[in-house]
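Take a look at the structure set out below.
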Amino acid sequence: MKVPQTNDSERQRAKEIILEIIRASGGKFEGKIRLYKTFMFAHLYHFEDHNRILSNWPIVHMPQGHGIDDADSLIAELANERKLSVSYKPNGPYQEAQYETTSSNNSWFLTQEAIESIKRSAEFVRGKSATQLSDYVHENSRSWNVGDSGKELNIYIDALSDEEYSQEQGHIGRISESIEAIFRD
């Protein structure tokens, strides 16, 4: 499944998902990597529960797992719109981002089903460190393991069973062979 190009409404939807993640976490959320994973898990839960895509916003391959494409820009826009505040606290010798919603306004872009998927994702990551979540993704995510750094991931292959994935790979292999045969002739 190829994810279509994004537009302004998808950008707004991605921002609303980020805000809803923070709302579902009690209005405060720690860590950029944790935010990225929660965003990705919300998409998978929504697909699993409702057989629909939560958003078309790109999720990309990063060294620590899945990342929200252009996340810094989305977060900066939310801060400029005064919907989100960002602060930093020490985490060892580094600074860790802290996100806090500044209003409880409901989303115009999210259905109740979408909000429930986001809440499920927030509950899954609650109490887990960025390292734990990254290790989990590295061990379990087919899309991350076959993806290329910086490229958009098709996270929905993670929703397939091993048998379904193997069948799909077989279909793709046969189609590729047919196309190569056409160009050889």
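The values are calculated or read from the model by the stated rules, or taken from the named source; none is laboratory data. Note that the coordinates shown come from a computational prediction; the quantities given were computed from them, not determined experimentally. Glycine also receives a Cβ, built like all others from the backbone with ideal geometry; neighbour counts cover every protein chain displayed. Ligands, DNA and RNA are excluded from the accessible area calculation, which covers all protein heavy atoms including side chains. Shrake-Rupley method; radii C 1.70, N 1.55, O 1.52, S 1.80 Å.
Here is how the numbers come out for the structure above:
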| item | result |
| --- | --- |
| Subset of segment 89-135 (residues that are over 18 Å from residue 37 (Cβ atoms), without any contact (Cβ under 8 Å) to a residue 60 or more places away in the chain and within 19 Å of the chain's Cα centre (by Cα)) | 111, 112 |
| Test result for residue 125, modelled with pLDDT of 95 or more, open to solvent by less than 70 Å² (accessible area, probe 1.4 Å) and of a type in the set (A, V, I, L, M, F, W, C) | yes |
| Checklist (1) more than 23 Å from residue 15 (Cβ to Cβ); (2) open to solvent by 50 Å² or more (accessible area, probe 1.4 Å); (3) of a type outside the set (A, V, I, L, M, F, W, C) applied to residue 82, failing item | (1) |
| Residues satisfying the stated conditions in segment 87-116, i.e. touching a helix residue (DSSP H, G or I) at 6+ places or on another chain (Cβ under 7 Å) and closer than 23 Å to residue 62 by Cα | 97, 99 |
| Residues being assigned to a helix (DSSP H, G or I), at pLDDT 90 or above and more than 16 Å from residue 45 (Cβ to Cβ) - total across segment 148-163 | 0 |
| Number of the exception - residue 184 against (1) under 22 Å from the mean Cα position of the chain (by Cα); (2) open to solvent by 90 Å² or more (accessible area, probe 1.4 Å); (3) at pLDDT below 95 | (1) |
| Any hit, segment 47-54, residues being buried (at least 17 other Cβ atoms within 10 Å of the Cβ) and under 20 Å from residue 98 (Cα atoms) | no |
| Within segment 141-164, tally of residues that are out of contact with any Phe, Trp or Tyr (no Cβ under 9 Å at 6 or more places or on another chain) and open to solvent by 30 Å² or more (accessible area, probe 1.4 Å) | 14 |
| Positions within segment 97-132 being assigned to a helix (DSSP H, G or I) and either within 13 Å of residue 30 (Cα to Cα) or among the β-branched types (Val, Ile, Thr) (or both), in sequence order | 115, 118, 122, 125, 130, 131 |
| Unique match (being among the charged types (D, E, K, R), in contact with a strand residue (DSSP E or B) (Cβ under 7 Å, 6 or more places away or on another chain) and more than 18 Å from residue 43 (Cβ to Cβ)) among 139, 180, 96 | 96 |
| Residue 91 vs. criteria surrounded by fewer than 17 Cβ atoms within 10 Å (Cβ to Cβ) and under 23 Å from residue 138 (Cβ atoms) | yes |
| Residue in segment 33-46 that is surrounded by fewer than 19 Cβ atoms within 10 Å (Cβ to Cβ) and not hydroxyl-bearing (Ser, Thr, Tyr) present | no |
| Filter pass, residue 180 being over 11 Å from residue 65 (Cα atoms), acidic (Asp, Glu) and in contact with a helix residue (DSSP H, G or I) (Cβ under 7 Å, 6 or more places away or on another chain) | no |
